[in-house]
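Remarks on the structure that follows.
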Ligand code: SF4
Ligand code: MG
């Protein structure tokens, strides 16, 4: 399958008062046509910076190769990039971070992208807005199109955001925690909607989340990030049935299930190292219950441990105590 987005050796650094901070450190990600790829990790893992870098929307310095739909986007001018953003490559974020502009109507905001990118006139843009509102399941679309955002609930506003993102039929939708601020019922509806759009429109999705439950429901393939690096990647079934990296296993253990939803959840002890901290060895070592001497000295490499399954951990090497056979989760 043709790849829509291909990121190779992505490195994003920020120059701060405390020095150079490497937020993303050598990340490879591929999203094929019509595929949903999840990036999962705790906050501070570099997952959002990865997606912003892919859109060339980060103030950080970006190195590496990013190809979108066969185009080397690192070489494009800012103007050419604007032509792609909101058009072939669209995004939705968590509310209310990027809430809608309160002084424009819903229709003005959905219509803006098609006026700019598809050169629709006002009337045609309004028609397209109504069509998109219907598509995302907003009732009374003919009236809502002329309303202002404050008239809508959080769930409805997020539907409008999706309508905006999908208005130009993007090849890739980047969704960064799109349902995190919503209550469980609305979240389920929005995820259903995104799955439906993916099926009917064939849109590829890069889905950024800290929530493994959402990953299980939405994604074909999953990239697990920790401290700016990919630590494990596989198809979604393999990741859930045979997770190999201790960090992934920790995330799995801390995932709520129907039975445990009421109970206090397991959580991985410690916290993500600050991106500026010097790195010797494996950055997960301070939190890892399997850490060995070598882990504190040498950084592990990303290794192929199965069909389309990679993990970055010394346990998979001959140096390690286990080679990925027995389960580390007891
Ligand atoms: Fe744990 Fe060592 Fe594997 Fe890092 S390399 S995850 S410290 S076992
Ligand atoms: Mg984030």
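Please treat every number below as a calculation from the coordinates, not as lab data. Computed from a predicted structure; not experimentally measured. With ideal geometry, Cβ positions are generated from the backbone for all residues, glycine too; neighbour counts draw on all protein chains shown.
By the beta-carbon count within 10 Å of each Cβ, the least crowded to most crowded order of 25, 17, 146, fewest first, is 17, 146, 25.
Label sites at residue 77 and residue 8, each approximated as a point 7 angstrom past Cα along Cα to Cβ, lie 2.7 nm apart. First obtain the Kirkwood hydrodynamic radius of segment 26-66 from its Cα pairs, then insert it into the Stokes-Einstein equation at 10 °C and 1.306 mPa s, and state the resulting D in µm² per second as a whole number. D = 139 µm²/s. Only helices enter the 222 nm calculation for the chain: every DSSP H run of n ≥ 4 contributes -39,500 (n - 2.57), and dividing by all residues gives -8500 deg cm²/dmol, rounded to 500. According to the Cα-based calculation, Rg over Rh for segment 97-167 is 0.92, with Rh computed by the Kirkwood formula. Compared with the dominant principal axis of the Cα atoms in the chain, helix 106-117 is inclined by about 80°.
Reported value for segment 50-135: 130 Å³ per residue, from the convex hull of its C-alpha atoms. The Kirkwood radius of segment 1-75, taken over pairs of alpha-carbon atoms, gives through the Stokes-Einstein law at 25 °C and 0.890 mPa s a diffusion coefficient of 192 µm² s⁻¹. Averaging the sequence gap over all C-alpha pairs within less than 8 Å and six or more residues apart, then dividing by the number of residues, gives the chain a relative contact order of 20 percent. With the gyration tensor restricted to C-alpha atoms of segment 99-230, the semi-axes of the equivalent ellipsoid amount to 27, 16, 13 Å, longest first.
In the calculated pair-distance distribution of the chain, the portion above 31 angstrom amounts to 35 percent of the Cα-Cα pairs. Determine Rg/Rh for segment 203-257; Rg is computed over alpha-carbon atoms and Rh is the Kirkwood hydrodynamic estimate from the same atoms. Looking at segment 203-257, the ratio lands at 0.92. The alpha-carbon positions of segment 139-204 define a convex hull whose volume is 97 Å³ per residue. Cβ crowding within 10 Å ranks 135, 212 as 135, 212, fewest other Cβ atoms first.
Relative contact order, percent, of segment 97-167 when contacts are C-alpha pairs under 8 Å separated by at least 6 residues? In percent, rounded to a whole number, it is 44. Residue exposure proxy: 190, 73, 205, ordered by other Cβ atoms within 10 angstrom of their Cβ from fewest to most, comes out as 73, 190, 205.
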